[in-house]
Protein chains: 2
Amino acid sequence: MEKQKISSAVINRLPAYLRLFTELEEKGVAHVSSSEISELMGTTASQVRQDFSNFGGFGRQGYGYDVRYLCEQMQQIMGLDKTYNVIIVGGGKIGQALANYQGFDRLGFFIKAVFDKEVWHIRVPSHIDVFDTDKLPEFCRENKIDIAIISVPKEAAMDVARMVRDAGVKGIWNFASQEIKLDGVHVENVHLNESLFLLTYKMNNEEL
Amino acid sequence: MEKQKISSAVINRLPAYLRLFTELEEKGVAHVSSSEISELMGTTASQVRQDFSNFGGFGRQGYGYDVRYLCEQMQQIMGLDKTYNVIIVGGGKIGQALANYQGFDRLGFFIKAVFDKEVWHIRVPSHIDVFDTDKLPEFCRENKIDIAIISVPKEAAMDVARMVRDAGVKGIWNFASQEIKLDGVHVENVHLNESLFLLTYKMNNEEL
């Protein structure tokens with residue numbers, strides 16, 4: 001597939017498409033039409049076809065799209081057909097919760113180590129190493145770390161981001177409450193509150 | 001404001017608008033045009049005006065929109081001009097991380113208690129009570145709990161959801177890895193992985 005510039009609105013919808021296709025596949029649904037997809041996504045069929053056209057259209061036939069093919073294509077587009085070596089920087093409650101989450105392996109994200117300034121209090125599964133942050137640059141280079149999860153206090157977030165970028169990390173998944181913007185590394189800032197605000201929107205504007 | 005049906009695509013963009021307006025206000029920006037907003041949001045000016053038209057247009061003048069007014073309006077639309085009584089069900093690492101997050105108070109979300117089957121291991125700030133889950137229904141009714149954060153193992157998620165709904169809770173913010181769909185209560189399922197997948201999308205499709 002050619003690398004073309006796709007609008008961020010389309011890109012932001014990709015995870016929801018993947019979730020839907022995965023659910024359909026798990027339910028044993030073989031084919032799905034663009035109007036069925038649009039109904040489940042809360043959008044329009046023309047929007048769905050327009051979104052898909054960014055990726056070659058996904059081969060719609062008379063009976064709709066092949067669900068398994070949609071899953072495979074969407075995983076490939078999102079880079080989920082590969083595996084990633086991951087570290088967690090910041091061993092507080094969020095860092096530990098992520099280190100203990102067992103779903104990452106299955107998705108191809110292998111947590112290799114947790115780094116913190118103080119390591120004694122950190123409880124993680126035994127196959128994950130815990131190191132002082134001093135060891136981070138060397139570890140990243142030697143273990144071909146692709147992604148750093150940042151879960152440090154906000155004061156430290158930018159320093160950590162520069163440190164991992166300079167150590168060759170290509171992606172940052174940032175849980176610190178300090179937005180990270182940095183050249184030379186891809187960053188996804190987690191805005192947890194925003195789904196809480198969607199909840200309060202619904203509570204104040206939608207009928208039960 | 002009249003309660004009208006607004007598309008989920010528009011609603012899903014509201015938190016990003018609020019975040020942008022808040023950033024602009026913090027930077028001391030007084031006015032902003034729809035084309036400036038669209039540039040910062042990665043969308044088009046006509047999309048911005050169309051989104052805003054769902055809420056009466058926000059009074060655009062020749063020099064653009066008043067940033068403070070945009071903030072106030074967006075907060076009001078999302079129900080963030082009110083306060084909410086909140087409980088956390090499930091005192092594991094995620095539950096504790098959320099109980100220890102100090103930003104909720106400032107946003108008007110007051111965590112009143114954490115519930116779990118086993119309470120001895122749970123470390124939360126001293127003003128937050130920790131109770132056995134048996135006490136949940138009575139506590140919710142007596143303390144006018146609006147929102148339940150669910151962070152229990154996935155096997156227990158639906159039972160907890162029904163329990164809090166039956167106790168009068170109007171909103172569920174669900175961190176369990178089991179999607180909750182339930183009548184009689186508003187639910188926002190947190191899909192943390194999806195922002196990780198946006199990161200891998202960027203890593204595989206965008207230049208640094």
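A compact table of results
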quantity: Yes/no for A:I122 being in contact with a Gly (Cβ under 9 Å, 6 or more places away or on another chain) and either within 21 Å of A:K82 (Cα to Cα) or within 12 Å of another protein chain (Cβ to nearest Cβ) (or both); calculated: yes
quantity: Residue count, region B:118-128 (criterion: modelled with pLDDT under 95 and open to solvent by less than 100 Å² (accessible area, probe 1.4 Å)); calculated: 5
quantity: Which listed residue, of B:E207, B:E155, is of a type in the set (D, E) and within 11 Å of chain A (Cβ to nearest Cβ); calculated: B:E207
quantity: Subset tally (residues that are of a type outside the set (V, I, T), within 9 Å of chain A (Cβ to nearest Cβ) and in contact (Cβ under 8 Å) with a residue 12 or more places away in the chain) for region B:77-94; calculated: 5
quantity: Of all residues in region A:137-155 being free of Cβ contacts under 8 Å to residues at least 60 places away in the same chain and under 22 Å from the mean Cα position of the chain (by Cα), the one that is nearest to B:G92 (Cα to Cα); calculated: A:K154
quantity: Checklist (1) under 17 Å from A:S151 (Cα atoms); (2) open to solvent by 10 Å² or more (accessible area, probe 1.4 Å); (3) not in a loop (DSSP other than H, G, I, E, B) applied to A:I87, failing item; calculated: (2)
quantity: Out of B:F131, B:F110, B:F115, sole residue that is buried (at least 22 other Cβ atoms within 10 Å of the Cβ) and more than 9 Å from chain A (Cβ to nearest Cβ); calculated: B:F115
quantity: Of all residues in region B:162-186 being in contact with a strand residue (DSSP E or B) (Cβ under 6 Å, 6 or more places away or on another chain) and of a type in the set (A, V, I, L, M, F, W, C), the one that is farthest from A:L198 (Cα to Cα); calculated: B:V164
quantity: Failed criterion for B:Y101 (all others in (1) free of Cβ contacts under 8 Å to residues at least 40 places away in the same chain; (2) buried (at least 21 other Cβ atoms within 10 Å of the Cβ); (3) not hydrophobic (A, V, I, L, M, F, W, C) hold); calculated: (2)
quantity: Residues being hydroxyl-bearing (S, T, Y) and under 21 Å from A:Y201 (Cβ atoms) - total across region B:42-75; calculated: 4
quantity: Residue list for region A:59-94, restricted to those being among the hydroxyl-bearing types (S, T, Y) and under 16 Å from A:A45 (Cα atoms); calculated: A:Y63, A:Y65
quantity: Residue within region A:180-201 that is open to solvent by less than 30 Å² (accessible area, probe 1.4 Å), under 30 Å from B:D81 (Cα atoms) and either acidic (D, E) or more than 9 Å from every other protein chain (Cβ to nearest Cβ) (or both) present; calculated: yes
quantity: Search result, residues across region A:157-178 that are in contact with a helix residue (DSSP H, G or I) (Cβ under 9 Å, 6 or more places away or on another chain) and closer than 17 Å to A:D132 by Cα; calculated: A:V160, A:M163, A:V164, A:A167
quantity: 2 or more residues among the acidic types (D, E): qualifying strands (runs of 3 or more DSSP E) within region A:103-169; calculated: A:129-132
quantity: Condition broken by A:A167, with the remaining ones in (1) more than 12 Å from chain B (Cβ to nearest Cβ); (2) out of contact with any Cys (no Cβ under 6 Å at 6 or more places or on another chain) satisfied; calculated: (2)
quantity: Filtered residues of region B:170-179 (kept if touching a residue at least 12 places away in the same chain (Cβ under 8 Å), more than 7 Å from every other protein chain (Cβ to nearest Cβ) and of a type outside the set (A, V, I, L, M)); calculated: B:N174, B:F175, B:Q178
quantity: Residue that is least open to solvent (accessible area, probe 1.4 Å) [pool: residues in region A:1-45 that are of a type in the set (K, R) and farther than 17 Å from B:K181 by Cβ]; calculated: A:R13
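The values are calculated or read from the model by the stated rules, or taken from the named source; none is laboratory data. Predicted, not measured: the structure shown is a model, and the values here were computed from it. Note that we place each Cβ from the backbone using ideal geometry, even for glycine, and neighbour counts take in every protein chain shown. Heads up: the accessible areas ignore ligands, DNA and RNA and are worked out on the full protein's heavy atoms, side chains in. Shrake-Rupley method; radii C 1.70, N 1.55, O 1.52, S 1.80 Å.
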